[in-house]
């Protein structure tokens, strides 16, 4: 029997080969024909989180699937409500315990519909293959499926080689996104790959619904599985992980702050991913959730893929983009060889043993000198005096440096003083750059986005400008990783006005990470036994510094993150002008993956 990938906890396909003449319906038929024939049961839970992050519901889930029956049947139970679907000659019939329900009904105010859960969409007719795109690092078919008795459409991203469903979104008649489903991680259960964690986000309400599968049971006993020629990679997108952390951090850091700020979510995520390699049990679970990782088996290879993408950009030239990782362990301390090998393999980490016990200051200076060298002296004194002590046993460091010229540089002689309207109602005169050129613009309710490409078009800066002078607060409330990923740009001639600015920010992120949901890592109950085989180590400090300088020629940016560990630590529009003369948000991202390398806001360019 073929080894099957269970899609969205119930569907499986191995799409072998592709002919140009295949239609969307034929692709879905291949998915349908490869479903497991043996009956099985999946159990888990449905968690619903409101826009403010609080859990609204945590409901038990049970699914019984019998695709091999004369009339294939699938039964779903969410708390006390059930749905049974029976297919007669490929036509689905729905039986609900609640007669008010339909396939497009929302499940118990969770933001997820029965159609989202059951994916009987694979039996709906008139699917269209509309394009081919990359998701994560895989080629996908993009298939649109019309929702019966509705003006809505479901767009599916189906991985070409294995037939895995990696993402799906529901759109209205205007092609505006209503909700998005994505697989966060998969896990092998009883010989089958199961989509263990799925997340559905609702654009209107801001709710996030997570479906977590905890157990698989073959109702007639486990079938004999043939091993594939190679193990499949899990469906985890490190770029989405970084970008979700970017938004979470931005909202937390700006909650009680009205100043300019900038940070590198990629640097922070990478440093903590190396730290996560040593976390175990509840400590690892908290880090996995807060940092939006995909489990230890797939997170580290995925970050290695992301790093290789950045390395390729540096090799191609045009811009400077360098990323480096290093471990600074206590000399003679018995760290586990597996941990050291993992950081070398997946993060290309340098290893620099130092002596915290007898020469703490020299260790601090060595770390800071390394960071300064990696960031062309833009990040200095990352680890301040008093941070390290004789009980420090390990410092994990990431450094990133970027310098890129605009694809369309601004002319210095066109820069003139102009008013910038501050949030408090006053104004400051600042050097305002300007040029008229073809730029990509996207409009959303409340703000306009401008994309400024760097030379080579591998990276770009995104400016998110509120339509109202005082609109940044509303933008910060509504910003999400999905919103940023879903922006649709149109190219048009635009007169752009942008202030020159130079920002530097420094953060100690301990309190921030505790507030976001990973307190165990900083406590005496921390479990980092994957580092040294003991429960003695915990995170003492997470230090982060960022520098950004934007001018007529382009942008120079650098950041570094240090994790200190020791004993006992606690729809597009036409527009003629884009005038950024009031507070705005900005992002520097890598274009092919969408990874956010730097993020921040400009409240007053004169500071």
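Does residue 168 satisfy the criteria of being under 26 Å from residue 88 (Cβ atoms), in contact with a helix residue (DSSP H, G or I) (Cβ under 9 Å, 6 or more places away or on another chain) and buried (at least 23 other Cβ atoms within 10 Å of the Cβ)? Don't jump to the end; show me each part of the working.
On the way: under 26 Å from residue 88 (Cβ atoms): yes; in contact with a helix residue (DSSP H, G or I) (Cβ under 9 Å, 6 or more places away or on another chain): yes; buried (at least 23 other Cβ atoms within 10 Å of the Cβ): yes.
Taking the combined requirement at face value, the residue satisfies it.
Could you name every one of the strands (runs of 3 or more DSSP E) located completely within the range 177-250 that has at least 1 residues being over 17 Å from residue 117 (Cβ atoms) and at pLDDT 80 or above? Full working, then the answer.
Working: elements: 177-189, 192-202, 208-218.
Once the strands (runs of 3 or more DSSP E) in the range 177-250 are filtered for at least 1 residues that are over 17 Å from residue 117 (Cβ atoms) and at pLDDT 80 or above, what remains is 177-189, 208-218.
Residue check, residue 526 against (1) assigned to a strand (DSSP E or B); (2) touching a helix residue (DSSP H, G or I) at 6+ places or on another chain (Cβ under 7 Å), all met but one. Which one?
So the condition that residue 526 fails would be (1).
How many of the residues making up the range 312-323 are surrounded by fewer than 18 Cβ atoms within 10 Å (Cβ to Cβ) and under 18 Å from residue 373 (Cβ atoms)? Give the steps one after another, and end with the answer.
Of the residues in the range 312-323, the ones surrounded by fewer than 18 Cβ atoms within 10 Å (Cβ to Cβ) are 312, 314-318, 320, 322.
Still in the list and also under 18 Å from residue 373 (Cβ atoms): 314, 320, 322.
The qualifying residues number 3.
Look at residue 477 and say whether it is crowded, with 18+ Cβ neighbours inside 10 Å and within 24 Å of residue 178 (Cα to Cα). Break it down stepwise before answering.
Values: crowded, with 18+ Cβ neighbours inside 10 Å: no; within 24 Å of residue 178 (Cα to Cα): yes.
When the stated conditions are applied, residue 477 does not pass them.
Can you name the number of the only condition in (1) modelled with pLDDT under 90; (2) part of a strand (DSSP E or B) that residue 36 fails?
With respect to (1) modelled with pLDDT under 90; (2) part of a strand (DSSP E or B), residue 36 is out only on (2).
I'd like to verify a number: residues in the range 14-24 that are surrounded by fewer than 18 Cβ atoms within 10 Å (Cβ to Cβ) and modelled with pLDDT of 80 or more, how many?
Going residue by residue through the range 14-24, those that are surrounded by fewer than 18 Cβ atoms within 10 Å (Cβ to Cβ) are 16-23.
From the residues that got through so far, the ones that are modelled with pLDDT of 80 or more too are 23.
Here the count works out to 1.
Please work out if residue 512 is within 30 Å of residue 342 (Cα to Cα) and either in the same structural domain as residue 277 (by TED's automatic domain parsing) or part of a helix (DSSP H, G or I) (or both). Spell out how you get there, then give the answer.
Working: within 30 Å of residue 342 (Cα to Cα): yes; either in the same structural domain as residue 277 (by TED's automatic domain parsing) or part of a helix (DSSP H, G or I) (or both): yes.
When the stated conditions are applied, residue 512 passes them.
Every residue in the range 135-164 that is assigned to a strand (DSSP E or B), more than 12 Å from residue 27 (Cα to Cα) and out of contact with any helix residue (DSSP H, G or I) (no Cβ under 6 Å at 6 or more places or on another chain), please.
Of everything in the range 135-164, those that are assigned to a strand (DSSP E or B), more than 12 Å from residue 27 (Cα to Cα) and out of contact with any helix residue (DSSP H, G or I) (no Cβ under 6 Å at 6 or more places or on another chain) turn out to be 135, 138, 139, 146, 153, 155.
Could you please let me know if residue 487 is farther than 26 Å from residue 379 by Cα and part of a loop (DSSP other than H, G, I, E, B)? Full working, then the answer.
Working: farther than 26 Å from residue 379 by Cα: yes; part of a loop (DSSP other than H, G, I, E, B): yes.
Criteria met by residue 487.
Counting only residues that are in a loop (DSSP other than H, G, I, E, B) and touching a strand residue (DSSP E or B) at 6+ places or on another chain (Cβ under 8 Å), how many does the range 331-351 have? Spell out how you get there, then give the answer.
First, pick out the residues of the range 331-351 that are in a loop (DSSP other than H, G, I, E, B): 331-336, 348-349.
Keeping just the survivors that are touching a strand residue (DSSP E or B) at 6+ places or on another chain (Cβ under 8 Å) gives 331, 333, 335, 348-349.
Here the count works out to 5.
Answer yes or no as to whether residue 274 is at pLDDT 95 or above, in the same structural domain as residue 531 (by TED's automatic domain parsing) and touching a strand residue (DSSP E or B) at 6+ places or on another chain (Cβ under 6 Å). Reasoning before the result, please.
Values: at pLDDT 95 or above: yes; in the same structural domain as residue 531 (by TED's automatic domain parsing): yes; touching a strand residue (DSSP E or B) at 6+ places or on another chain (Cβ under 6 Å): yes.
Here the answer is yes, as residue 274 does meet what is asked.
Identify all residues within the range 409-445 that are surrounded by 14 or more Cβ atoms within 10 Å (Cβ to Cβ), assigned to a loop (DSSP other than H, G, I, E, B) and either modelled with pLDDT of 90 or more or out of contact with any helix residue (DSSP H, G or I) (no Cβ under 9 Å at 6 or more places or on another chain) (or both); write none if there are none.
If the condition is that a residue be surrounded by 14 or more Cβ atoms within 10 Å (Cβ to Cβ), assigned to a loop (DSSP other than H, G, I, E, B) and either modelled with pLDDT of 90 or more or out of contact with any helix residue (DSSP H, G or I) (no Cβ under 9 Å at 6 or more places or on another chain) (or both), then 409, 410, 415, 422 are the ones that fit.
With the structure loaded, tell me whether residue 333 is within 18 Å of residue 528 (Cα to Cα) and touching a helix residue (DSSP H, G or I) at 6+ places or on another chain (Cβ under 6 Å) or whether it fails that test. Steps first, answer last, please.
Values: within 18 Å of residue 528 (Cα to Cα): yes; touching a helix residue (DSSP H, G or I) at 6+ places or on another chain (Cβ under 6 Å): no.
It is false that residue 333 is within 18 Å of residue 528 (Cα to Cα) and touching a helix residue (DSSP H, G or I) at 6+ places or on another chain (Cβ under 6 Å).
Could we say that residue 488 is over 29 Å from residue 558 (Cβ atoms) and at pLDDT below 90 here?
yes
Hey, among 457, 405, which residue is at positive phi, under 28 Å from the mean Cα position of the chain (by Cα) and either in a strand (DSSP E or B) or surrounded by fewer than 14 Cβ atoms within 10 Å (Cβ to Cβ) (or both)? Lay out the reasoning, then the answer.
Working: 405 fails: at positive phi.
Matching residue, one of 457, 405: 457.
Checking the structure you have, find out if any residue of the range 98-115 is in a strand (DSSP E or B), within 29 Å of residue 444 (Cβ to Cβ) and touching a strand residue (DSSP E or B) at 6+ places or on another chain (Cβ under 9 Å).
Taking the range 98-115 first, the residues in a strand (DSSP E or B) are 106, 113.
Right, trim to within 29 Å of residue 444 (Cβ to Cβ) and you get 106, 113.
Going one step further and asking which of them are touching a strand residue (DSSP E or B) at 6+ places or on another chain (Cβ under 9 Å), we end up with 106, 113.
Yes; the residues of the range 98-115 include at least one that is in a strand (DSSP E or B), within 29 Å of residue 444 (Cβ to Cβ) and touching a strand residue (DSSP E or B) at 6+ places or on another chain (Cβ under 9 Å).
Quick one: residue 256 ticks every box in (1) over 14 Å from residue 513 (Cβ atoms); (2) in contact with a strand residue (DSSP E or B) (Cβ under 9 Å, 6 or more places away or on another chain); (3) not in a helix (DSSP H, G or I) bar one, so which box is it?
If we test residue 256 against (1) over 14 Å from residue 513 (Cβ atoms); (2) in contact with a strand residue (DSSP E or B) (Cβ under 9 Å, 6 or more places away or on another chain); (3) not in a helix (DSSP H, G or I), just (2) comes out false.
Report yes if some residue within the range 279-296 is touching a helix residue (DSSP H, G or I) at 6+ places or on another chain (Cβ under 8 Å), modelled with pLDDT under 90 and in a helix (DSSP H, G or I); otherwise report no.
Let us first name the residues in the range 279-296 that are touching a helix residue (DSSP H, G or I) at 6+ places or on another chain (Cβ under 8 Å), namely 279-280, 282-284, 286-288, 290-296.
If we keep only those that are modelled with pLDDT under 90 too, we end up with 294-296.
Within this subset, residues satisfying the condition of being in a helix (DSSP H, G or I) are 296.
Looking through the range 279-296, at least one residue is touching a helix residue (DSSP H, G or I) at 6+ places or on another chain (Cβ under 8 Å), modelled with pLDDT under 90 and in a helix (DSSP H, G or I).
The values are calculated or read from the model by the stated rules, or taken from the named source; none is laboratory data. This structure is a prediction, so every number in the text was calculated from the model and none was measured. Cβ: placed from backbone, ideal geometry, glycine included. Neighbour counts: every protein chain shown.
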